[in-house]
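Read through the structure below, which is laid out as structure tokens, and then see the notes.
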Amino acid sequence: MVFKYIESIKKVTDLELTNAEQKLNLLKSQLHPKFLLNTLNSLHLLTEDNGKANDVIFKLSDLLKFTLYESMEAKIPLKAELSFLQDFIELEKIRHHDNVKIEYDFSSFENDKVKIAPLLFINFIENAFKHGVNKTRGSSWVTIKLVQEPKFLEFKILNSKPNLSKAEPSSIGGKGLVNITRRLELLYPEKHYLNIENKEEVYSVHLKIDLI
């Protein structure tokens, strides 16, 4: 009994530390000054169209509010998480214009009252742009889909990869990927499936989370 108690305390501590590090990394990466600067540059190009400029400002404001406040909860409505992801993706669409084909589908819901742990998907999406789109000089693409069924949640993302020389390493994810993998193990032990494939031209992530 003592051993089980110690293990349970360790698990809670690990989870708290991992969550704290994940949120700190989000502020340092997803809302990195370069990202904000690029978004502001997009605003400058849109000054003649107040409607679009205001839309960008609202999306950026929502991202900041979600990161600073809503994401601090242990679980949040799935709708709130998807709204955050959609704002992030739409801002990336504005930044990259027509040279990047960005498609996403968050339309399949069985129950919109489902709650999940926050910030489970943003690292994968951010990586798709950081290591795929942003490093490609020509045209590139990202495809994202999330399906919510009665018993599970399924997330898939695929992105094109830049043409790298054989001598150049193709490292994707880094510490952020390690952190989210650890979070999934702590939050959904034996209740999730994660498969990552790093092929020559395509990088893909398939995540499935049991909801019961």
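Structure values in brief
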{"read-out": "Net charge of Cβ neighbours under 11 Å - reference Leu60; Lys, Arg +1; Asp, Glu -1", "value": "-2"}
{"read-out": "Chain lengthening between Ala74 and Ser108 when straightened (0.36 nm per residue, less Cα-Cα)", "value": "9.9 nm"}
{"read-out": "Heavy-atom accessible area ranking, 1.4 Å probe, most first, across His206, His97", "value": "His97, His206"}
{"read-out": "Surrounding net charge for Leu158, when Lys and Arg each add one and Asp and Glu each subtract one, Cβ distance under 13 Å", "value": "+1"}
{"read-out": "Lys199 paired with Ile212, simple spin-label distance in nm, labels 7 Å along Cα-to-beta-carbon", "value": "3.3 nm"}
{"read-out": "Difference of contour (0.36 nm per residue) and Cα-Cα distance, Ser139 to Asp62", "value": "24.8 nm"}
{"read-out": "Inter-site label distance for Arg182 and Asn163 at 7 Å from Cα along Cβ, in nm", "value": "3.9 nm"}
{"read-out": "Residue-count net charge about Asn111 - beta-carbon cut-off 15 Å; Lys, Arg +1, Asp, Glu -1", "value": "-1"}
{"read-out": "Accessible area (Å², 1.4 Å probe, nearest 10) - Leu211", "value": "50 Å²"}
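The values are calculated or read from the model by the stated rules, or taken from the named source; none is laboratory data. If you're wondering where the values come from, they're calculated on a predicted model, not measured in any experiment. Cβ atoms come from the backbone with ideal geometry, glycine included; neighbour counts cover every protein chain shown. Just so you know, the surface numbers come from the protein's heavy atoms only, side chains and all, with ligands and any DNA or RNA stripped out. Shrake-Rupley method; radii C 1.70, N 1.55, O 1.52, S 1.80 Å.
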